[in-house]
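S.K.: Sharing a structure with you now.
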Amino acid sequence: MDALLHAVKAASDPTRLRILVVLASSELSVGQICTVLGQSQPRVSRHLKILADAGLLDRHAEGTSAYYRRARGGLGRQVYDALVELIDPHDRVIEADSERLSAVRAERAHRAAEYFEEVAGRWDELRERHVADWYVEQAMMRAVADIEIADLLDIGTGTGRMLELFAGRIQRGLGIDASQKMLTVARSRLSGSGIVNCAVRPGDAHDLGVGREAFDVALIHHVLHFLDEPARAVAQAADALRPGGRLLIVDFAPHQLEALRIEDAHVWLGFDDHEVSTWCSESGLDQRETVHLVPTEAQGTDALTVTLWVAERPGDHTIDDLAL
């Protein structure tokens, strides 16, 4: 009862109700929220703190900025959803906020597009060297088709494509990436697709800091070949899995394209099945399956084979049926 009253009282302010509506479909920085509301940062920050302390918002720091989004679950999320449902979307103030929010989103999308344009040419060239993305993605979806997924972790989320792919199969998704620019790309992608059950955060694949046994599925999609210590990243992912949880690793089989080291910063020229299986075993995972996705002859002799390694943490897989 006390928690409920605290949450309701925290929302009992016109500005704080506006904030709840603004964050219902977006994750925004304090500065972006100030732009939408047309209010000063000290005032907005005070309102945000009240809402976060009452459990209505989740907050995380990213460099010198702080980002806020609606609470993922619990009583705070229930109160949040109930209140937003009661607010008239055609209210004059709410409509004005919505227009400014659209402008903020458009600016974020523009910045993301500018960065993506810088690197898209190289990515397109690399993708032409292996089987189509949709083929790889289908194999990944099949690998987890038989289990329920409450929480999914995407390590090295990049553009957020994996979160977008799995969003309809999961309750919550978290993507981490060391690149601030890539996080901007991912946020824009998720926002543009209307995905509200996934979020992204800065993070290091070598030191995740996401808690033990917190996820049902972890993905390492075309990330290991960039890492100095891929075995350590596998161990970190394994530690984040609940009993019965699965790790999906997608990367290249061994190849000899040395140019990728120079032009695309690849540290490793692919991995063989034995070394990946060894890393999984040493991390306490059981190898479940290995799928080799071989390119067609038309793609040439330099085409790359993509491998999907699926490993599982021993134990019975159960999830808590929590609200988003």
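S.K.: Quick check on the exposure proxy: order F215, F226 from fewest to most C-beta atoms within 10 angstrom.
M.R.: F226, F215
S.K.: Return the distance in nm (one decimal) between the two label points of a simple spin-label model at E107 and Q39, each offset 7 Å from Cα along Cα→Cβ.
M.R.: 1.9
S.K.: Right, here's the next one. Between beta-carbons, use under 10 Å as the cut-off and find the net charge around G192, counting Lys and Arg +1, Asp and Glu -1.
M.R.: It works out to a net charge of +3.
S.K.: Helix-only mean residue ellipticity at 222 nm, the chain, DSSP H runs n ≥ 4 weighted -39,500 (n - 2.57), per residue, nearest 500. What is it?
M.R.: Values: 12 runs with 143 residues, N = 324.
Calculated mean residue ellipticity at 222 nm is -13500 deg cm²/dmol.
S.K.: Quick one: order M182, M141, M162, M1 by neighbouring beta-carbon count within 10 Å, fewest to most.
M.R.: Final ranking by Cβ density, sparse to dense: M1, M141, M182, M162.
S.K.: Okay, next question. Can you give the convex hull volume per residue for the Cα atoms of the chain, as a whole number of Å³?
M.R.: Taking only Cα atoms, the chain has a hull volume of 140 Å³ per residue.
S.K.: Among E137, E118, E213, which one moves the most in a GNM of the chain with springs linking Cα atoms closer than 10 Å?
M.R.: With Cα springs under 10 Å in the chain, the top fluctuation among E137, E118, E213 is at E118.
S.K.: With a sphere of radius 9 Å drawn around the Cβ of L48, what net charge do the other residues whose Cβ falls strictly inside it have (Lys, Arg +1; Asp, Glu -1)?
M.R.: Spelling it out: positives minus negatives among the neighbours equals +4.
S.K.: Further, regarding this structure: What is the sum of charges around S281, taking Lys and Arg as +1, Asp and Glu as -1, for the other residues whose C-beta is under 13 Å from the C-beta of S281?
M.R.: -3
S.K.: Based on the Cβ-Cβ distance of I262 and R212, what FRET efficiency does E = 1/(1 + (r/R0)^6) give at R0 = 41 Å, to the nearest 0.05?
M.R.: E(calc), rounded to 0.05, equals 0.60.
S.K.: In Å, what Rg and Dmax follow from the Cα atoms of the range 28-100?
M.R.: In order Rg, Dmax, the Cα atoms of the range 28-100 give 12.8, 36 Å.
S.K.: Length gain on complete extension for the stretch V294 to E148, per 0.36 nm per residue less the alpha carbon to alpha carbon distance?
M.R.: 49.7 nm
S.K.: If you rank T307, T278, T64, T184 by fewest surrounding Cβ atoms within 10 Å, what's the result?
M.R.: T64, T278, T184, T307
S.K.: Mind checking the angle between helix 273-282 and the chain's longest principal axis? C-alpha axes, 0 to 90 degrees, to the nearest 10.
M.R.: 50
Since every read-out is calculated from the coordinates, none of them should be taken as a lab result. Everything quoted here is computed from the prediction, not taken from an experiment. Quick reminder, even Gly has a Cβ in these numbers, built from the backbone with ideal geometry, and neighbours come from all protein chains shown.
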